[in-house]
Amino acid sequence: MTIRKATYSETQTILNYSLVVLKEATMGSVEQSQEKALQLVSPFLSDGGFYLVHIENNVIQGWIGVGKIFDYYTDEMVGFIPEIFVLPQYRKQGIAEKLCMEAFSKLKEHGYQKVQLNVFSGNPVKNLYYKLGFNDVSTLMQKDLDLSP
């Protein structure tokens, strides 16, 4: 088992899964299109973000995005995890936790004191985030408005 920074070719492979990741991560609540999926990933990659991959027997089993974001509430730059994904056949083996721990290590090396991520309501991965020490900071709430008279 190896966790390391993804190569350009591996990053392209990961991007091919963008639509699947979008659907799963957002619990189906976001428009499902390849354009939307890439629109969400492109800014983090163009701002120096990268993927760490979990590889065994030369097969990518999962990955985590590692980047940065400006926290406007605290006026500080913080580490950011825009994406975590483990291929279905490799789940329940601790891969996501290992990827998170390596991401935390990389972010510390870059001088970040905090890491943030977003998780959609109802996503079962939230239990892993609690286990890893994440705390709820805010809740985005939404109500659909009936515009008919």
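Remark: pairs (first residue in the range 76-89, closer than 20 Å to Leu45 by Cβ and free of Cβ contacts under 8 Å to residues at least 12 places away in the same chain; second residue acidic (Asp, Glu) and crowded, with 21+ Cβ neighbours inside 10 Å; Cβ separation under 6 Å; 6+ apart in sequence or on different chains) are absent.
Which of the residues spanning the range 108-129 are of a type in the set (Ser, Thr, Tyr) and surrounded by 15 or more Cβ atoms within 10 Å (Cβ to Cβ)? The answer is Tyr112, Tyr129. Return the pair list, or none, for Cβ contacts closer than 7 Å from residues in the range 1-29 that are on the phi > 0 side of the Ramachandran plot to residues that are modelled with pLDDT under 95 and of a type in the set (A, V, I, L, M, F, W, C), at least 6 apart or on different chains. That search, which allows pairs on different chains as well, returns Met27/Phe120. Among the residues of the range 68-81, those that are at negative phi, surrounded by fewer than 21 Cβ atoms within 10 Å (Cβ to Cβ) and not basic (Lys, Arg) comprise Ile69, Phe70, Asp71, Tyr72, Tyr73, Thr74, Glu76, Met77, Val78.
Residue check: Met27 meets all listed conditions (1) surrounded by fewer than 17 Cβ atoms within 10 Å (Cβ to Cβ); (2) out of contact with any Gly (no Cβ under 8 Å at 6 or more places or on another chain) but one, namely (2). Selection of first residues in the range 98-123 that are more than 13 Å from Val78 (Cβ to Cβ) and of second residues that are polar (S, T, N, Q) and surrounded by 15 or more Cβ atoms within 10 Å (Cβ to Cβ), restricted to Cβ pairs under 6 Å at least 6 apart or on distinct chains, gives the following pairs, ordered by first then second residue: Phe120/Thr26.
Tell me whether the range 8-27 contains one or more residues that are farther than 24 Å from Leu107 by Cβ, of a type outside the set (A, V, I, L, M, F, W, C) and not in a helix (DSSP H, G or I). So far as the range 8-27 goes, yes, one or more of its residues are farther than 24 Å from Leu107 by Cβ, of a type outside the set (A, V, I, L, M, F, W, C) and not in a helix (DSSP H, G or I). Scanning the range 61-98 for residues that are farther than 19 Å from His110 by Cα and of a type in the set (Gly, Ala, Ser) gives Gly62, Gly94, Ala96.
The values are calculated or read from the model by the stated rules, or taken from the named source; none is laboratory data. Note that the coordinates shown come from a computational prediction; the quantities given were computed from them, not determined experimentally. Note that each Cβ is placed from the backbone with ideal geometry, even for glycine, and that neighbours are counted across all protein chains shown.
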